[in-house]
1. Could you tell me whether any residue of segment 17-33 is touching a residue at least 40 places away in the same chain (Cβ under 8 Å), within 12 Å of the ligand (Cβ to nearest atom), closer than 20 Å to Lys218 by Cβ and small (Gly, Ala, Ser)?
2. Between residues in segment 185-203 that are modelled with pLDDT under 85 and residues that are within 6 Å of the ligand (Cβ to nearest atom), which pairs lie under 9 Å by C-beta distance while being six or more apart or on different chains?
3. Sort through Ala170, Ala225, Ala191, Ala199 and tell me the only one that's touching a helix residue (DSSP H, G or I) at 6+ places or on another chain (Cβ under 9 Å) and aliphatic (A, V, I, L, M).
4. Could you say whether any residue in segment 61-77 is modelled with pLDDT of 95 or more, within 22 Å of Ala225 (Cβ to Cβ) and within 14 Å of the ligand (Cβ to nearest atom)?
5. Hey, which of the helices (runs of 4 or more DSSP H) in segment 158-250, taking only ones fully inside, have at least 3 residues that are surrounded by fewer than 21 Cβ atoms within 10 Å (Cβ to Cβ) and among the polar types (S, T, N, Q)?
Amino acid sequence: MEVKNKIVIVTGAGSGIGKATAIHFAKFGATVVVSDRQEAGAKEVVATIIKDGGKAISIPADVTSFEAVENLVAQTVKEFGRLDVIVNNAGIGPNLLRTHQSTLKDWDKVIAVNQTGVFYCMKVALVQFLKQGGGNIVNIASLAGLKASPNNISYSASKFAVVGMTKSVAMEYATKNIRVNAVCPGYTESALLTQLINAKPEMDSVLKSVIPMRRYGKAAEIADAVVWLASDNTKFMTGQTITLDGGTSL
Ligand code: NAP
C-alpha cells in the first residue's frame, strides 16, 4: 500500500485497533506519530515499531482537549515539517444501559471523546492540510454508526455523528486535495470489546451468533482497511464508509 514516507498521526494508538493501525502504517514505510492519552501504551507501540525497523515517535494527547490536539499537530509539524494523514481512532465504549436509565455523565463523556474529539482533530488537521495543499483523514466510526444499536444511546449518537461528519467534511474539501473516509468495524477483538463482554459475559455467545462468520474481527484486519484508505491507492475515494464486520450488517 502506497503510504511510504507519509507522516501519519494515529490517536488512541496505545491499544487495540489504533495500535494495530500504527504498526501497519510503519510496516508500509510511513512515519507514525503514536498518540494516546496515556503515554505508557503508546511508548510500547513506538518501541515495537522501531525494533521492527520502522519510524515512530509518541506524542500524548487527550482528544477531549482542544489545546492538546493543537499541540499534537503542532509538534508533529515541528518535528517532520508536515502532516499527511490523521487517523481519528480514540474512542470509548458503550455503557449498555437503556436510554431512560442512562446517565448525563455517560452521555457527556462518550460524546466528548467519540464525537467532539473527532471534530477537534479534523478541525486542527484541516488547517494544516490547507496550508500545505492536501491531506487525508480516516475516521474510525462503527457498525453502530450505520445501524440501530440498542442500550447504547451515547455511543450510537457519537458514531452516527462520525459518519455524518465524514461525509460533510469530505464534500467541503473535495477540491482541496483533502480526502475524508471512515471505517466501520463490527465487533473486533480489543480492550473495548473485552470490557463489554466482562460487563455481560452472556454477550459473548449472543454477539457471535449474530456475526455470519461466527467470529470477532482482528484489529489487524481493520488496520488493513485504514491504511488502504489513507494510501495513494484510493485517490478518487472520499466521503465513504467501509464496513468490516464479518457480515453482521447483512
Ligand atoms: P481500545 O483497545 O480501548 O482502544 C481505544 C484507545 O483509545 C485506548 O488506548 C484508549 O486509552 C484511547 N482513548 C480513550 N479515550 C481517549 C481520549 N480521550 N484521548 C485519547 N485517547 C483516548 O478500543 P478499540 O476497540 O481499539 O477502539 C478503537 C476505535 O474503534 C474506537 O473509536 C471504537 O469506538 C472503534 N470501534 C471498536 C469496535 C470493537 O469492537 N472493538 C467496533 C467498532 C468500532 P485508554 O486505554 O486510556 O482508555
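The values are calculated or read from the model by the stated rules, or taken from the named source; none is laboratory data. Computed from a predicted model, the values in this text were never measured in an experiment. Cβ coordinates were reconstructed from backbone atoms using ideal geometry, including for glycine residues, and neighbour counts include every protein chain displayed.
1. Initial filter on segment 17-33 (touching a residue at least 40 places away in the same chain (Cβ under 8 Å)): 17-21, 23-25, 28, 30-31, 33.
Subset that is within 12 Å of the ligand (Cβ to nearest atom): 17-21.
With closer than 20 Å to Lys218 by Cβ added as a condition, the list becomes 17-21.
From the residues that got through so far, the ones that are small (Gly, Ala, Ser) too are 18, 20.
Within segment 17-33, one or more residues are touching a residue at least 40 places away in the same chain (Cβ under 8 Å), within 12 Å of the ligand (Cβ to nearest atom), closer than 20 Å to Lys218 by Cβ and small (Gly, Ala, Ser).
2. Correct list of pairs: Leu192/Ser15; Leu192/Gly16; Leu192/Ile17; Leu192/Gly91; Leu192/Ile92; Leu196/Tyr187.
3. On the way: Ala170 fails: touching a helix residue (DSSP H, G or I) at 6+ places or on another chain (Cβ under 9 Å); Ala225 fails: touching a helix residue (DSSP H, G or I) at 6+ places or on another chain (Cβ under 9 Å); Ala199 fails: touching a helix residue (DSSP H, G or I) at 6+ places or on another chain (Cβ under 9 Å).
Step by step, each of Ala170, Ala225, Ala191, Ala199 is checked, and only Ala191 is touching a helix residue (DSSP H, G or I) at 6+ places or on another chain (Cβ under 9 Å) and aliphatic (A, V, I, L, M).
4. Taking segment 61-77 and keeping what is modelled with pLDDT of 95 or more, we get 61-77.
Pick out the ones that are also within 22 Å of Ala225 (Cβ to Cβ) and you get 63.
If we keep only those that are within 14 Å of the ligand (Cβ to nearest atom) as well, we get 63.
Yes, segment 61-77 contains at least one residue that is modelled with pLDDT of 95 or more, within 22 Å of Ala225 (Cβ to Cβ) and within 14 Å of the ligand (Cβ to nearest atom).
5. Numbers: elements: 191-199, 203-210, 219-230.
Here the list reads 191-199.
So that you can scan it fast, the table gives a plain yes or no per residue for (1) under 30 Å from Thr76 (Cα atoms); (2) β-branched (Val, Ile, Thr); (3) within 13 Å of the ligand (Cβ to nearest atom):
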residue	(1), (2), (3)
Gly134	yes, no, no
Ile137	yes, yes, no
Ser142	yes, no, yes
Ile153	no, yes, no
Ala157	no, no, yes
Lys176	yes, no, no
Leu192	yes, no, yes
